Amino acid sequence: MWVAALLALAAPEVPPPAPPPIDAASDALPAEDLRMMAATIGPLTATQPIGGDAKADKILLLGRQNGTPVVSGMMAVPPGDATPAPVKGTLAIVRSRERTKKGQAGPLPADRDFVAAHRLPLYLILVGKGSTQIWELAWYEGRVRHRPVNNKGAAGPWLD
């Protein structure tokens, strides 16, 4: 009996098969629950101070834990700085910024470039005096597309 126990301890442990990777570069539509989460928490973070009079764009990394959407990270970056590359496991990015230019009504070229480079959905929250705009940018149909999202998370038509 003790021989069987020694053999069991000496046998190499076979790891379970790895789950299939999440294909962040797919042409699939972004998950609706991530969009609704972005529409709910993005505007709340946009106007939160970071200390003193400093202005900053707030970036939230969205992922999943046991199938439930979670904020897996957050950071503040100076306005105008590029969105940092996402960490492994990130499924979507929420970027909240104050509209500083009169007439800024949508995503900037840098926002589109980020989505093209990383193939991850980007939810852009633009906060101005008395108004908030939400935009969803995604790699869809082989290119970067964007569409407006209302404050309840419902998306409008895709635009180019």
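Observations, loosely collected:
- The ellipsoid equivalent to the alpha-carbon distribution of segment 24-160 has semi-axes of 21, 17, 15 angstrom, derived from the gyration tensor eigenvalues as √(5λ) and listed largest first.
- Eigen-decomposition of the gyration tensor built on the alpha-carbon atoms of segment 90-152 gives equivalent ellipsoid semi-axes of 21, 12, 10 angstrom, largest listed first.
- Ordered by the number of other Cβ atoms lying within 10 Å of each residue's own Cβ, fewest first, Ser72, Ser96, Ser131 fall into the sequence Ser131, Ser72, Ser96.
- Evaluated at q = 0.13, 0.17, 0.21 Å⁻¹: base-10 log I(q)/I(0), Debye formula over Cα of segment 48-107: -0.41, -0.65, -0.88
No value in this document is a laboratory result; all are computed from the given coordinates. For clarity, every value in this text was computed on a predicted model and none was experimentally measured. In this analysis, Cβ positions are derived from the backbone assuming ideal geometry, glycine residues included, and neighbour counts consider all displayed protein chains.
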